[in-house]
1. Quick one: order 40, 119 by neighbouring beta-carbon count within 10 Å, fewest to most.
2. May I ask for the angle, rounded to the nearest 10°, between helix 87-109 and the longest principal axis of the chain, with both axes built from Cα atoms and the value confined to 0 to 90°?
3. Using a Gaussian network model of the chain whose springs link C-alpha atoms within less than 10 Å, name the residue from 59, 111, 23 with the highest mean-square fluctuation.
4. Just rank 47, 109, fewest to most, by other beta-carbon atoms within 10 angstrom.
5. Need one word for the stretch 57-123: rounded, prolate or oblate. Basis is the Cα gyration tensor (sqrt eigenvalues a ≥ b ≥ c); a/c below 1.5 gives rounded, then a/b vs b/c decides.
6. In degrees from 0 to 90, rounded to the nearest 10, what is the angle of the helix 53-65 Cα long axis to the longest principal axis of the chain?
7. Pairing the Cα long axis of helix 2-20 with the longest principal axis of the chain, what angle in degrees results, from 0 to 90 and rounded to the nearest 10?
8. Hey, in the GNM for the chain with a 10 angstrom Cα cutoff, which one of 67, 46, 117 fluctuates hardest?
């Protein structure tokens, strides 16, 4: 329950920004990964965003409709569909990222630096222990 309480305490700040720019949390996750890599196969994107491939298809559909991403079929393997960030998607980063980064900075400043580092370490340990 503590993880849910933490999300409930933190996420509303982010949701306000996402709503302002007309995107969802899941769309943000997709865009954030694509800002780092520009293009990748849908299945790899699903893995990195922790969104199931069937759900990701709908998210990509909606991002395509607002011209943030596009699908490009691989020329080497026609079964592979790459998802690419568009210029509009890259421009969104310039507008949204500074505000999101400011929230992260406020969160980090809200607790002792040593405690913050231990919290991140503990979360990494939980992630690693899932196997």
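Every number in this text was worked out from the coordinates using simple rules, so none of it is lab data. Just so we're clear, the structure is a prediction, and the values are computed from it rather than from any experiment. A quick note on method: Cβ atoms are made from the backbone with ideal geometry, for glycine too, and the neighbour counts reach across all protein chains shown.
1. 119, 40
2. Roughly 10 degrees, rounded to the nearest 10.
3. Top of the fluctuation ranking is 111.
4. The order, fewest Cβ neighbours first, is 109, 47.
5. Prolate, since a/c reaches 1.5 and a/b exceeds b/c.
6. Its long axis makes an angle of about 70 degrees.
7. Helix 2-20 sits roughly 50 degrees off the main axis of the chain.
8. Looking only at 67, 46, 117, the biggest GNM fluctuation is shown by 117.
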